[in-house]
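A short write-up of the structure that comes next.
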Amino acid sequence: MTHAKAYAAQSAKTPLAPFSFERRSVGAQDVALDVLHCGVCHSDLHTARNEWRNTIYPSVPGHEIVGRVTAVGDLVSKFKVGDIVGVGCMVDSCQHCTPCADGLEQYCDNGFTGTYNGPEQGTGANTYGGYSSAMVVRESFVLKITHSDAELAAVAPLLCAGITTYSPLRQWNVGPGHKVGIVGLGGLGHMGVKIAAAMGAHVVLFTTSVNKREDALRLGAKEVVVSKNPEEMAAHANSFDFILNTVAAPHNLDAFLALLKLDGTMTLVGAPENPHPSPNVFSLIMKRRRLAGSLIGGIRETQEMLDFCAKHHIVSDIETIRMDQIETAYERMLKSDVKYRFVVDMATL
Ligand code: NAP
Ligand code: ZN
């Protein structure tokens, strides 16, 4: 067993606070790592505060993890002690259903094991995430990192924000000649802008924050639309091939569906606490538009995304925080005041 220090929520209403627990022993197929950097995803906040009504306490969030390998099991062949590795939103799955066989572990028929909030395969135990000093993870859910050492803190957010935007952009074949909208310039949205631009699309960023306009252009958007301004929205009616909606709060989807052209798709990745108002059927049927969803990405695709980002020199724009600043980071996230991802320096734990 490995003793781990951590930060945990003990209930929806209490702030995260120091906590310690034992990690399982390193099994034959396991990799043990010290956590160096952990990104702060809005899903961490949704979970810590039980906004999805499924949180098991104590809850140790964190699923954007970069660490250094400290031990490997006898059957591990891809990693050795000292390697820099990544862990994202999943640490296991059933490994035998059709989605798992197809590398789509996030859609595992038997339910994947979240990096936090479990359940662990076999035991059903709760899992504890990356706001902790050490982890033990099945080798097949550990990712190789090839970015430079200087970039490692900014690589951490790729493990969730990166793959959650990369996967739908790939699934809907975004590339040169496509007009692509990204809604919301937060952790996910800013990765969506960078990745869609690197894929060659004409990227338009939709924001509710007027002061993010310059940043969006710097990050790779060709145009910026303040979505609260109806005239700016109307200028883009019926023109998008694809829109990726990352917003973490309920809002009017019709305003964005109206911007899709014939056969265009809007994919939702934001997962608000309360439902969006139902879209109008006519927003969909008049131009055979589609409204879709997407969940993170499979392990194979996560490795592909990491390699794509390394090749295109893409990392996250981050603000480093201490572990004891996590509640302040959450409050700023709720005010859309994030530029554009908080990453915890785990040496401060
Ligand atoms: P974030 O950093 O807080 O960014 C969300 C952005 O949404 C904000 O920066 C803001 O951008 C915009 N926004 C916030 N409130 C809004 C409102 N009331 N109306 C319109 N826009 C609003 O969050 P994140 O970490 O990117 O996560 C975004 C969502 O995706 C969360 O719900 C998270 O749980 C979910 N998520 C889903 C998956 C998946 O697999 N599907 C994976 C990870 C996260 P502007 O200031 O530009 O308007
Ligand atoms: Zn996440």
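Assuming charge only on the beta carbon of Lys and Arg (+1) and of Asp and Glu (-1), the dipole of segment 20-97 about its Cα centre is about 40 debye to the nearest 20. Counting neighbouring Cβ atoms within 10 Å and putting the fewest first, the residues Leu169, Leu45 line up as Leu45, Leu169. I'd like the orientation of helix 299-311 relative to the chain: the angle between its Cα long axis and the longest Cα principal axis, in ° from 0 to 90, rounded to 10. Taking the Cα atoms of the chain, the angle to 299-311 is about 70 degrees. Taking only the C-alpha atoms of the chain, the Rg (one decimal) and the largest Cα-Cα distance, Dmax (whole number), read 19.7, 62 Å.
Arranged from fewest to most other beta-carbon atoms within 10 Å of their beta carbon, Phe242, Phe308, Phe141 become Phe308, Phe141, Phe242.
Across segment 188-205, computed HN-Hα scalar couplings (Karplus, 6.51 cos²θ - 1.76 cosθ + 1.60, θ = phi - 60°) run 5, x, 5, 6, x, 4, 4, 6, 4, 5, 5, 6, x, 6, 8, 9, 10, 9 Hz from first to last residue, x flagging Gly and Pro.
Counting pairs of alpha carbon atoms under 8 Å apart in space and at least six apart in sequence, what relative contact order in percent does segment 162-293 give?
On the way: 273 pairs, mean separation 28.0, N = 132.
Value for segment 162-293: 21 percent.
Separation of the alpha carbons by more than 30 angstrom is noted, of Lys222/Lys261; Lys194/Lys335; Lys311/Lys339; Lys13/Lys335; Lys261/Lys335, for Lys261/Lys335.
Excluding same-chain neighbours fewer than eight residues apart, the aspartates and glutamates reachable from Lys228 by a Cα-Cα span under 20 Å are Glu214, Asp215, Asp254, Asp337. For Thr127, the residues 5 or more places off, or on other chains, whose built amide H falls under 5 Å of its own are Asn117, Gly118, Glu120.
To the nearest ten degrees, helix 161-171 and the longest principal axis of the Cα atoms of the chain are 50 degrees apart. The calculated FRET efficiency for Ala271 paired with Ser11, based on their beta-carbon distance and R0 = 25 Å, is about 0.75.
What full-extension length gain, to one decimal in nm, is calculated for Asn173 and Asn110 as 0.36 nm per residue of separation minus the Cα-Cα distance?
Values: separation 63, 0.36 × 63 = 22.68 nm, distance 2.82 nm.
Roughly 19.9 nm would be gained on extension.
With a Förster radius of 41 Å applied to the C-beta separation of Cys94 and Arg218, the computed FRET efficiency comes to 0.45. Here's how it looks for Ala292: its modeled amide H is under 5 Å from those of Met266, Thr267, Leu268, which are all 5 or more places away or on a different chain.
Please report how far the C-alpha centroid of segment 286-344 lies from that of segment 160-187, rounded to the nearest whole angstrom. Between the Cα centre of segment 286-344 and that of segment 160-187, the gap is 11 Å. Rounded to whole numbers, the Karplus 3J(HN,Hα) couplings from phi for segment 96-108 are 9, 7, 4, x, 4, 5, 8, x, 10, 4, 5, 10, 3 Hz, using 6.51 cos²θ - 1.76 cosθ + 1.60 with θ = phi - 60°, and x at Gly and Pro. In terms of other Cβ atoms within 10 Å, Leu334, Leu259, Leu349 run from fewest to most in the order Leu334, Leu349, Leu259.
Figure the gain on full extension for Thr146 and Glu319 (residue separation times 0.36 nm, minus the Cα-Cα span) and round it to one decimal in nm. Provide the component values of the computation, followed by the final result.
Working: separation 173, 0.36 × 173 = 62.28 nm, distance 2.16 nm.
Between Thr146 and Glu319, full extension yields an extra 60.1 nm.
With contacts taken as Cα pairs under 8 Å and at least 6 residues apart, the chain reaches a relative contact order of 18 percent.
As a test of the formula, what do you get for the chain when each DSSP H run with n ≥ 4 contributes -39,500 (n - 2.57) and the sum is divided by the residue count, at 222 nm and rounded to the nearest 500 deg cm²/dmol?
Details: 11 runs with 81 residues, N = 349.
Calculated mean residue ellipticity at 222 nm is -6000 deg cm²/dmol.
Between the amide H of Ser93 and those of Thr113, distances stay under 5 Å, these residues lying 5 or more places away or on another chain, with hydrogens modeled in the peptide plane.
Packing-wise, with mean Cβ within 10 Å as the measure, how do 4-14, 177-187 rank, highest first? Write out the running numbers ahead of the final one.
Working: 4-14: 17.5, 177-187: 24.8.
Highest mean packing first, the order is 177-187, 4-14.
Bear in mind that the values in this text are calculations on the coordinates, not laboratory data. If you're wondering where the values come from, they're calculated on a predicted model, not measured in any experiment. Glycine also receives a Cβ, built like all others from the backbone with ideal geometry; neighbour counts cover every protein chain displayed.
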